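Please treat every number below as a calculation from the coordinates, not as lab data. Everything quoted here is computed from the prediction, not taken from an experiment. For neighbour counting, all protein chains shown are included, and Cβ atoms are generated from backbone atoms with ideal geometry for every residue, glycine included.
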Amino acid sequence: MNSERPEEPAEPAESEGQERGTPIGRRVLLGTLGLGALGVVAAPTLQRGMESFLAGAAENDPTGLTDLLPNGGGFRYYSVTSSTPRKNAENYRLKIDGLVDRPATYTLADLRAMPQTRMVKDVQCVTGWRVPGTPFEGVRLSRLLDAAGVRSSAGAVRFTCFDGAYTESLTLDQARRADVLVALRMQDKNLGHSHGGPVRLYVAPMYFYKSAKWLSGITVTEDVQPGYWENRGYDIDAWVGNSNGRDDEPTS
């Protein structure tokens with residue numbers, strides 16, 4: 001999925017103008033499995049190199065075969081579409097609109113120039129895996145909402161992504177929490193494509209599917225509109241340990 005993987009989606013139609021990634025071959029897969037096993041027992045430098053290689057392979061493998069490969073970093077590449085465009089400092093834009101007095105469009109440079117908030121929290125997936133002590137850094141969503149001038153009729157915020165498929169929503173009160181970021185960095189590095197970069201949403205107290213990758217739009221609305229996975233049965237208010245029938249330890 002865009003942020004994590006609760007279930008296997010149906011194969012989506014490929015977007016016009018986007019090239020499908022080239023699947024990795026069987027020999028490459030088997031060879032990489034062997035190298036991955038070596039990386040587990042080898043020096044940390046080799047392990048970090050393997051993680052980088054596996055991330056690159058996964059980004060060009062819409063078949064999902066790379067899910068079989070080890071990943072010491074605890075995260076793996078996943079998307080609800082067969083391919084996702086790449087954005088960089090030159091062509092990335094974040095649009096804020098809807099029930100606001102001052103709609104705005106931000107470049108990556110604009111976002112980087114704003115005051116940054118860094119937090120270190122566990123990341124919890126609704127399927128059970130957890131990555132402890134993960135640093136995220138970015139602009140508090142509340143700062144962007146205040147700059148836009150949210151109207152009194154507003155009650156929620158909807159998020160869209162440049163993969164063309166994924167959406168999420170929060171109530172306005174949830175969106176204004178201090179632990180909700182428009183994130184530019186993760187694990188003390190600029191967000192790469194495989195982690196939803198250059199900009200993603202980070203909702204620290206909720207299951208990771210709420211932290212939409214490849215963020216491109218923030219629309220202030222009157223009511224909450226269920227997102228991609230909520231329309232497929234997952235809870236809208238996805239508090240860690242208090243939703244989706246799970247009792248995990250809270251993350252924030």
Around LEU99: net Lys/Arg minus Asp/Glu count, Cβ-Cβ under 12 Å: -1
Which net charge results when you count Lys and Arg as +1 and Asp and Glu as -1 among the other residues whose beta-carbon is under 11 Å from that of GLU230? -1
If packing is taken as the mean number of other Cβ atoms within 10 Å per residue, what is the order of 229-241, 161-173, highest first? 161-173, 229-241
In nanometres, the difference between 0.36 nm per residue of separation and the alpha-carbon distance of ASP110 and GLU90 is 6.0 nm
If amide hydrogens are placed 1.01 Å from N in the peptide plane, which non-local residues have theirs closer than 5 Å to the one on TYR92? LEU108
For segment 94-232, what is the relative contact order in percent, using Cα pairs closer than 8 Å and at least 6 residues apart in sequence? 30 percent
Compare the peptides 81-91, 189-199, 120-130 by average per-residue count of other Cβ atoms within 10 angstrom and give them in order, highest first. 189-199, 120-130, 81-91
Lys and Arg at +1, Asp and Glu at -1: neighbours of LEU201 with Cβ under 10 Å from its Cβ sum to +2
